[in-house]
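Contents: one structure, followed by commentary.
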Amino acid sequence: MPTKVVPAPKLIFEKSSPGRVGCNLPKADTPAVNLEATLGGVRKELNLPEVSELDLLRHFTNLSHINYGIETGFYPLGSCTMKYNPKINEVVAANPGFTGIHPMQPIETVPGALEVLAQVQDILCEVTGFDEITLQPLAGAHGELTCLMLIRAYHHSRGDSRRTVILVPDSAHGTNPASAALCGYSVRSIATNADGNTDLEALKAALESDVAGLMLTNPSTLGLFEPNIEEICRLVHEAGGQVFCDGANMNAMVGTTRPGDHGFDCMHLNLHKTFSTPHGGGGPGCGAIGLKSHLEPFLPQPVLRRSPLGKPELLTERPQSIGRVSGFFGQFLMEVRALAYLLAYGKSGLPQISRHAVLNANYVMARLKEVLPAAYDRPCMHECVLTAQRYKKGGVRALDISKRLIDYGIHPPTNYFPLIVPEAIMIEPTETECKQTLDEFCEVMITICQEAETDAELLKGAPTSQIVGRLDEAQAVKQLDVRWQPTKDECLV
Ligand SMILES: *Cc1c(COP(=O)(O)O)cnc(C)c1O
């Protein structure tokens with residue numbers, strides 16, 4: 001049964017009382033300014049609620065309580081790595097020495113900040129097995145695009161401009177084909193075989209002389225490690241192409257294995273997933289990229305490099321560079337968080353991240369297999385992709401199961417992705433959840449699957465415990481309306 005019913009908080013406009021104020025400003029010690037005359041067009045009727053400081057505080061606190069995040073509960077949203085981000089990162093990132101600097105400051109005045117960036121680069125080179133790292137791209141998709149720009153610059157530098165196609169497996173994240181298109185490439189899709197791996201025959205057939213490269217996610221978005229990775233890289237290289245690794249799923253590999261050793265030429269990482277910056281709602285992000293030395297001349301500039309004496313320096317005189325990809329050095333405090341996180345684990349601790357992530361996903365997959373079989377029956381990596389197909393004939397879809405989870409106080413997993421799995425439910429528990437939490441989640445999922453067989457209507461009406469029910473997501477995207485205004489009746493001002 002639903003665990004709790006959240007009462008709708010009183011609207012702040014309902015509490016408004018004319019003349020009541022929530023702040024106590026000191027008397028102005030400068031002459032009053034006539035705003036209307038100075039700025040022009042100042043709105044006279046602002047229609048703001050007049051409430052006390054306490055009412056205002058309650059308003060925002062109540063709003064924060066109807067939000068859901070990793071700090072309120074389990075968040076198994078597949079491919080998003082919604083793990084707990086240790087608070088020590090925030091303590092370090094809040095250091096005034098980091099928050100008080102400005103990107104336009106003369107570079108000699110911020111040696112400590114450059115050292116932070118250089119250390120993150122050094123450690124990520126070691127973690128990924130690449131020769132170079134740049135932290136400039138501002139999101140995973142931006143890292144993908146930057147890598148493709150490097151690949152294009154590489155081909156062009158060799159006088160090879162015939163290559164206009166990027167290969168993308170049909171299980172890929174939607175950003176992959178989008179990045180290829182944004183970079184001016186056309187996309188050729190590669191099929192996944194019955195085991196969930198890249199179909200080698202389909203790959204060979206697609207490897208024509210117009211192929212600039214392959215974008216491969218490893219582990220794939222099916223949560224599966226690609227066993228033929230070395231063979232795939234060899235085939236693409238033989239055909240003159242480059243291989244990019246979508247490394248958003250690095251949580252499955254960190255400290256255990258390195259994409260740079262698998263044959264990839266470049267990859268992106270999501271610092272906001274694997275390397276512990278809280279994310280969601282559109283930011284902040286860092287899509288750091290790693291690359292082999294043959295792509296180095298094309299790095300976005302400025303390039304941050306250590307001098308022979310180890311001092312970090314910014315290099316700008318690089319004629320083959322693809323240019324700037326962001327204004328400054330990315331989201332600096334994310335890099336501070338990543339460094340705090342990496343140093344807190346230390347080299348010997350890093351493998352614990354991927355081992356626990358993989359163990360947790362396999363545990364969930366094994367516990368749920370009777371009610372929700374895996375799309376591919378083999379051990380998974382950091383996430384498992386299950387299918388709810390058997391409930392479809394009774395009228396229950398994967399989305400209904402996910403919406404019902406909300407009534408039990410748990411964030412839904414990812415649905416209908418990857419696109420090639422019918423009624424997909426993609427669960428990424430992450431390494432930071434303990435066995436008790438996973439057990440509670442699995443028991444709730446089993447209960448919901450029983451409800452699916454006995455009371456389909458219950459699931460189709462879910463969620464019922466929240467201040468909003470099921471939203472029309474398609475319409476919400478098309479007619480985005482995030483501003484609420486009181487009607488005349490609601491407004492007592
Ligand atoms: C999250 C993710 C991306 C995109 O990362 P953004 O930072 O959201 O742009 C790309 N590929 C995969 C597999 C992902 O999970």
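The values are calculated or read from the model by the stated rules, or taken from the named source; none is laboratory data. Everything numeric in this text was worked out from a predicted model, so none of it was measured. Ideal geometry is used to build each Cβ from the backbone, glycine not excepted, and the neighbour counts take in all protein chains shown. Areas reflect the complete protein model, heavy atoms only, side chains present, ligands, DNA and RNA absent. Shrake-Rupley method; radii C 1.70, N 1.55, O 1.52, S 1.80 Å.
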Residue count for the range 290-304, restricted to those that are within 20 Å of L271 (Cβ to Cβ) and either open to solvent by 30 Å² or more (accessible area, probe 1.4 Å) or part of a loop (DSSP other than H, G, I, E, B) (or both): 3
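Take P219 and decide whether it is within 16 Å of the ligand (Cβ to nearest atom), outside the structural domain of A375 (by TED's automatic domain parsing) and in contact with a helix residue (DSSP H, G or I) (Cβ under 6 Å, 6 or more places away or on another chain).
Numbers: within 16 Å of the ligand (Cβ to nearest atom): yes; outside the structural domain of A375 (by TED's automatic domain parsing): yes; in contact with a helix residue (DSSP H, G or I) (Cβ under 6 Å, 6 or more places away or on another chain): yes.
In short, yes.
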Failed condition for L148, given (1) under 30 Å from P429 (Cβ atoms); (2) surrounded by 15 or more Cβ atoms within 10 Å (Cβ to Cβ); (3) touching a residue at least 60 places away in the same chain (Cβ under 8 Å): (1)
Verdict on R404 being at pLDDT 95 or above and open to solvent by 20 Å² or more (accessible area, probe 1.4 Å): no
Residues (over 16 Å from E457 (Cα atoms) and in contact (Cβ under 8 Å) with a residue 24 or more places away in the chain) located in the range 393-421: Y408, G409, I410, H411, P412, P413, T414, F417, P418, L419, I420, V421
R367 among the charged types (D, E, K, R) and either in the same structural domain as L148 (by TED's automatic domain parsing) or modelled with pLDDT under 95 (or both): no
Given (1) within 16 Å of the ligand (Cβ to nearest atom); (2) touching a residue at least 24 places away in the same chain (Cβ under 8 Å); (3) open to solvent by 10 Å² or more (accessible area, probe 1.4 Å), number of the condition L114 does not satisfy: (1)
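Name the residue, out of E132, E126, that is modelled with pLDDT of 95 or more, in contact with a strand residue (DSSP E or B) (Cβ under 9 Å, 6 or more places away or on another chain) and away from the ligand (no atom under 16 Å from the Cβ).
On the way: E126 fails: in contact with a strand residue (DSSP E or B) (Cβ under 9 Å, 6 or more places away or on another chain).
Among E132, E126, only E132 is modelled with pLDDT of 95 or more, in contact with a strand residue (DSSP E or B) (Cβ under 9 Å, 6 or more places away or on another chain) and away from the ligand (no atom under 16 Å from the Cβ).
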Filter result for N249 (in contact (Cβ under 8 Å) with a residue 40 or more places away in the chain and among the polar types (S, T, N, Q)): yes
Some residue of the range 272-286 being closer than 18 Å to C125 by Cβ, more than 14 Å from the ligand (Cβ to nearest atom) and crowded, with 24+ Cβ neighbours inside 10 Å: no
Residues being surrounded by 18 or more Cβ atoms within 10 Å (Cβ to Cβ) and more than 16 Å from the ligand (Cβ to nearest atom) - total across the range 173-187: 1
Complete set of residues in the range 327-355 that are open to solvent by 10 Å² or more (accessible area, probe 1.4 Å) and either farther than 15 Å from I88 by Cβ or touching a Cys at 6+ places or on another chain (Cβ under 6 Å) (or both): G327, F328, F329, G330, Q331, F332, K347, S348, L350, P351, Q352, R355
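Residues checked against (1) away from the ligand (no atom under 16 Å from the Cβ); (2) closer than 30 Å to I406 by Cα; (3) aromatic (F, W, Y); (4) modelled with pLDDT of 90 or more:
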{"site": "A37", "(1), (2), (3), (4)": "yes, no, no, no"}
{"site": "I66", "(1), (2), (3), (4)": "yes, yes, no, no"}
{"site": "G73", "(1), (2), (3), (4)": "yes, yes, no, yes"}
{"site": "A93", "(1), (2), (3), (4)": "yes, no, no, yes"}
{"site": "F98", "(1), (2), (3), (4)": "yes, no, yes, yes"}
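Kindly indicate whether A206 is small (G, A, S), in contact (Cβ under 8 Å) with a residue 24 or more places away in the chain and more than 16 Å from the ligand (Cβ to nearest atom).
Details: small (G, A, S): yes; in contact (Cβ under 8 Å) with a residue 24 or more places away in the chain: yes; more than 16 Å from the ligand (Cβ to nearest atom): yes.
Here the answer is yes, as A206 does meet what is asked.
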